[in-house]
Amino acid sequence: MSFLEDFEKTLEEKCRQHEPPFCQAACPFRLDVRTMEEKWKKGRFNAAYRTYQNTVGFPGIVAVLCQRPCEKACVRARVDAPVALGLLEEATVRLARRKDPNAYNLPSKGRKVAVVGAGLSGLGCALRLCNKKYEVTILEKEPVAGGRARRQMDPEAFDAEIRNQFQFETPDWRLGQEVTSLEPLMEEFEAIYVATGPEGPDFGLTPDPGGAFASTRPGIFLGGGRTGSDSMTALADGLDASLAVERYLKTGGMNEPFRPRGTRLELNLSLIEKKEPVRPADGNGFTQEEVVAEIGRCEKCSCDACMKACDLMRTFEKTPRRLWEEIYITIHPGTLSRDGTWATRLITTCDQCGLCKAVCPQHIDFGEFFLQSHRAMRKKGAMPWPFHDFWLRDMEFSSGEARVCRKPEGVEKSAYAFFPGCQMAASDARYVTRSYEWLRSRRPDTALWMTCCGAPAEWAGEEELYGKHLETLREEWRGLGEPTVIFGCPSCRKLFARYLPEIPGVFLSQVMLAWGIEPAAPEAGAEFSDTYAVFDPCTSREFPELQESVRQLMDAHQLGRESLPYEKEKARCCGYGGHIGIAASAYTRRVAHLRSQESQRPYLTYCVNCRESFAGQEKEAVHFLDWLFGIHGNRRLPSTVTEKRERRLEAKKWLLEHDWHETVQEEPRMDLKVDKELERKLSESQILVQDMEDVVAHCQETGGGAVDPETGHIIGHHKIQNITYWAEYEILPEGGYKLWNGYSHRMNLEGE
C-alpha cells in the first residue's frame, strides 16, 4: 500500500475532526448543541426551537423530563460547572413564539404501519412516520396516551404537547384497545413497531443483532422501555426506529445500521479557562440575556487543534478531510486528460513544518502527506516547475560555485566538521567565518563543510535529484574522516537526521555552550535589547536540546528572555520554508506578519531564515550569532537574492584565503548599474542581478531586443534554463549599462 493510500486509512481511523462533542454523545437524541449554540447566541429562539423540535419530537415534554446526561458529560463539569443545557432547553421552549410543527400537504404513501404502545417510544415512532405520510395506527391498552412518562409531569401539559405535535397528522388512534397477539396485525399492516413499555408483553419476540430495532420476524421491530430504556432513551428509540421501519418498507431489509454512541474526542482540560456559571436571577428560568451569557461558557468541543495551530488550514479554512479530498482529486483527477490542477498550488503552500502532527492527539502527519503528494505530482510531471526553479538553481550554486569541503592543512581525519548550510553565509558571511574561526580556536582540526543540505530538492519533490545529492554528501563526509557534524542550521540537521542517520550531529549553540564562549562587544551602531522573546524555528521542534542550549546561553550571560504563545514543540513557521514564497507569496507575507505580531518584544532566533523573514516585516529581531558576535543589532534590512549569493562567495573567499592561504580569482562581471530599489523589486520575484546581466549580454551579442522610441531603452529577453527573463536597459555613453526594469514570465517561450 502506498503512503497516500495508507494516509487515507489513517485519516479515516484516527482523525477526530467529525467526532461529536461530549454533550451530544451523551444525549439520547444526539442534540447538536453547537448548532443550537449559534442560535442561542443570536437570540433566535424560534430557530432554536425548530432545531430542538426536529431532534427530540416533543420539546415541551423533553425539556421537563430529561435527566440531562449532557451536563454530566460536559467538560466544564471537570473544570468549574457544566453548561446549564437543561435550563437553556427550557428557555428555548418558553421563549419561542412559534411552536406549531411544519405542515406538509403531501399525499399519503399508502403504506400501513401499526405502533403497539402509546408511550413516548411509540408516539415518537408514530409521529415521524406520520410526518412522512405513512398510514399509522396507534394501539394502546390504556384510555390515554403517554404511558409512564405522562405520570412524571403535569398530565395536561403532557397532553397539550402531544396534541400540538400531532395537530397536522391523522393517525388512527385506537386507545383502550389491548393487543394480545400480533398475528391479526400482521395481516392488516405491512410493518409493526412494538413499544409496550418495561412491563408490557413482548409477544415472544427476540432482537435480531443484524439490524437496529429489528426482531427475528420480518417486518416487526421493537424498542423503547420494552428493551430496557428510560423515558428519554425510549423516545429517542422510537424516533430512530421510524428510520428502520421506513427502510424495511422501501427495501424489505431489516438491516438498518446501528447509530454509533459515544465519542472518541480528546481535549486538554488544562487549556480550558474557568468561567463563572450563570444563575437565573429569578431562581427559575433564564432570560434571553442569561441564555446568551451561559452559552458563552460553552467550549464548542471539537478536535480542531490542527486547524487552530496550522496557518494553512486556518487561512484557507480547510479541514483535514477537505485537504485530503482536494489533494486526492488533484493527484487522481477524473478528467479525460488526466490533468489535475485543483490543489497544485495548495500542495506547495505547505511548508511541512510538522506543527499539525505535534498538536494532533493522534499525531496525524499532514506535513508528510503534503510531501508525498508533492512527490506524486512531480512523478506525473504535473507540478509547475516555476514554483521551484529558482531554488533548485540556488541549490546548484551553493553546492557548486560556493561550496567548500575541506579539512585543515595537515589534518588527515577531522573529529568535527562545521556544516553552516547555504543560508547562514547568504544572510551574513560573518556568521560562517567567525563561527569557524571560533571553532578552530577550540578544536584546530575542525573541518569546513559549506554546501547545501539539499532542502530545495526535497521540498520540490525531486526524489532522484535529492537521492544523488545525498550520496554526494555521504561521500564528502567520509572524505572528511566521518566527523561529528556541527550544524548551524536546524533545517539541515532535520534532513540529515532523516536521510543520513549514520552521520552524528550536534548544534553550534550546543558546542558554544559546552566549550564556553563569551559574547563580543557590540560593533559600532549595533544596539541590542536587555530582553528578547525567543522565537523557536519550526525545524527545531524535533530537537529540544537545541532549544534549551540557546536558552541556557542566554541565561549564562544574563540576557533576559520571554516565551511566545507557541514555542518549543509547538513552534510555528515564520513563513520561509518549503518554497511557499513563490507558490503563495501573499500567504507567506501573512504568515510572517502574524509571527512578527506575537510579542511586542524583539525576537531572538537561531535560524537565519526566520531572521530574514522578520527583517522583511521590519520586526526587531536578532540571530543568536548577532548577539554573540556583536553584529547588526535589532534592526536590519532584508537581504536581496543577489546579496545572498554574493555573501556566500565572500565567505568562501575569506575562508580559503584565511585558513588555506589560497587566493580566489573573481570572475569578471558586466558593468551593469542597478538601483537598490530595483534590486529589491527583482529580489521579490526571485530574480538575480546576474540574470539581468545574462539577458543584457545575450541581447548585445545577438543583436536582439527592441528599442523604445520614447526612452531609447533596449527591451530584450533571454531564456535561462526554464524561465524567460526580460530586461529594459540603457547603454551608457561612458560605457557600461544601466538597468531600468526587469521581470520574468515564469514560462517557456517557444523558439528560445
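With respect to the chain, whose longest principal axis is taken over its alpha-carbon atoms, helix 429-442 is tilted by about 80°. A crude spin-label estimate for the pair L271 and K72, with each label 7 Å from Cα along the Cβ direction, gives 2.8 nm.
For F487, nonlocal amide neighbours, meaning residues 5 or more places apart or on other chains whose placed amide H falls under 5 Å from its own, are F419, V506, F507, L508.
A protection proxy built from the mean count of other Cβ atoms within 10 Å ranks the segments 269-282, 24-37, most packed first, as 24-37, 269-282.
The slack between S2 and R264, meaning 0.36 nm per residue of separation minus the straight C-alpha distance, is 91.6 nm.
Using Cβ contacts closer than 10 Å as the measure, can you line up E266, E169 from fewest to most? Walk me through the intermediate numbers first.
Working: E266 13, E169 16.
By the 10 Å Cβ count, ascending: E266, E169.
The lysines within cross-link reach of K413, meaning a Cα-to-Cα straight distance under 24 Å and a gap of 8 or more places when in the same chain, are K652, K653. Estimated purely from DSSP H runs of n ≥ 4, each contributing -39500 (n - 2.57), the mean residue ellipticity at 222 nm for the chain is -12500 deg cm²/dmol once divided by its residues. Length gained on full extension, E317 to A382, computed as 0.36 nm times the residue gap minus the Cα-Cα distance: 20.9 nm. Farthest toward the positive end of the dipole of the chain, out of G716, L637, Y566, is the Cα of Y566, where the dipole comes from beta carbon charges about the Cα centre. Note on W459, W385: ascending count of other Cβ atoms within 10 Å places them as W385, W459, the fewest first.
With the charge dipole of the range 305-383 set up from +1 on Lys and Arg Cβ and -1 on Asp and Glu Cβ about the Cα centre, the Cα lying farthest toward the positive end among the listed residues H332, H363, T344 is that of H332.
Summing +1 for each Lys or Arg and -1 for each Asp or Glu, what net charge is found among the other residues whose Cβ lies under 14 Å from the Cβ of P20?
On the way: positive: R16, R30, R34, R259, R261, R264, K300; negative: E19, D32, E37, E266, E299, D304.
Result for the neighbourhood of P20: +1.
Its convex hull of Cα atoms gives the chain a direction-averaged projected area, equal to a quarter of the hull surface, of 44.8 nm².
Every number in this text was worked out from the coordinates using simple rules, so none of it is lab data. Model, not experiment: these values are computed from the prediction. FYI the Cβ positions are ideal-geometry reconstructions off the backbone, even for glycines, and counts take in every protein chain you see.
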